[in-house]
Amino acid sequence: MSDARAQALVCLNGHLLTGDVRSNPGNVSKRCTRCGAETISSCPACQSSIPGDYLERWQFWDHAEMTTSKSITHPPGFCPECGTAYPWTTAALKAAEDLIQEMGLDMEDKSALKESIPELVQDTPKTGVAALRVKRLLAKAGAEAGSLLHDIIVDTISETARKVIWGGLTEVPNVLHLPARNRSPTRAPHSQVARNPQDNRKQI
């Protein structure tokens, strides 16, 4: 068995059109079908292919071959050949910085949050510490700010950071943001249900 990666097609805003250009020609287009941005399948810096779906090639004793694949759900953040951040990674970090500027935090907290966000996109010794700091500051900023930042960077940051901040969730559960009046009422335990005194009467 040998492992390889297919070539992905991604728009400049990070929308994944296909994880395998060769096997899905129907999904190939010059513009993104979601936002209209230009699409690329190679690193703008070094022209190497953008890694897509995982391919496993099997060869059997009779020399027959078979290829299986595992689809990716979002594109990589950095080129594995030259290490340059892909355009969508740069765009997400810039959008996160702009959002932080609008949060109701003091200047010291905003500065700490801005400095921590870039540490989330790669797994380094600083990632865990930065993720804990971001989680703490988002709690101060409020649920709305945390939800917006989640939507901007969730597909860009590392799995380690995602688990620390949001418990590995790719979507923030809506129930966490529902007003109390919209939540389903809690049913009282059976032992606490009021009884009619006449229910205990004995039949004569």
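Work out, in µm²/s and without decimals, the Stokes-Einstein translational diffusion coefficient of region 28-166 at 20 °C, 1.002 mPa s, Rh from Kirkwood over C-alpha pairs.
Value of D from the Cα-based Kirkwood radius: 125 µm²/s.
Order these peptides, 17-29, 109-121, by their mean beta-carbon neighbour count within 10 angstrom, highest first.
Values: 17-29: 15.9, 109-121: 18.7.
The most tightly packed comes first, giving 109-121, 17-29.
Could you give me the ³J(HN,Hα) list for region 131-147, computed from phi with Karplus coefficients 6.51, -1.76, 1.60 and θ = phi - 60°, whole Hz, x at Gly and Pro?
Per-residue couplings from phi come out as 5, 5, 5, 5, 4, 5, 6, 5, 5, 6, 6, x, 5, 5, 5, x, 5 Hz.
Taking 0.36 nm per residue of separation and subtracting the Cα-Cα distance, what length does fully extending CYS82 through LYS163 add?
Details: separation 81, 0.36 × 81 = 29.16 nm, distance 2.73 nm.
Value of the extension gain: 26.4 nm.
Compute the FRET efficiency between ARG57 and ASN27 as 1/(1 + (r/R0)^6), taking r as their Cβ-Cβ distance and R0 = 30 Å, and round to the nearest 0.05. Numbers along the way, then the final one.
Values: r = 22 Å, r/R0 = 0.74.
Approximately 0.85, to the nearest 0.05.
What translational D, rounded to a whole number of µm²/s, comes out for region 88-177 from Stokes-Einstein when the hydrodynamic radius is the Kirkwood one over Cα pairs, at 20 °C and 1.002 mPa s? Spell out each step's value before the answer.
On the way: Rh = 12.8 Å.
For these conditions, the coefficient is 167 µm²/s.
Based on the mean of other Cβ atoms within 10 Å per residue, sort peptides 87-94, 68-75, 124-131 so the most packed one is first. Could you put the intermediate results ahead of the total?
On the way: 87-94: 18.8, 68-75: 14.1, 124-131: 16.0.
The densest-packed peptide leads the list: 87-94, 124-131, 68-75.
Only counting other Cβ atoms within 10 Å, I'd like TYR86, TYR54 sorted with the fewest neighbours first. It would help to have the intermediate numbers written out before the result.
Values: TYR86 22, TYR54 16.
In increasing order of surrounding Cβ atoms, one gets TYR54, TYR86.
Would you mind computing, in nm to one decimal, how far apart the modelled labels at SER48 and ASP3 are, each placed 7 Å from Cα along Cα→Cβ?
1.6
Highest mean first, what order results for 40-53, 150-163 on Cβ atoms within 10 Å? Numbers along the way, then the final one.
Numbers: 40-53: 16.4, 150-163: 19.1.
Top of the packing list down: 150-163, 40-53.
Coordinate-derived values only; no laboratory data. This is a predicted model, so every value here is computed, not measured. Quick reminder, even Gly has a Cβ in these numbers, built from the backbone with ideal geometry, and neighbours come from all protein chains shown.
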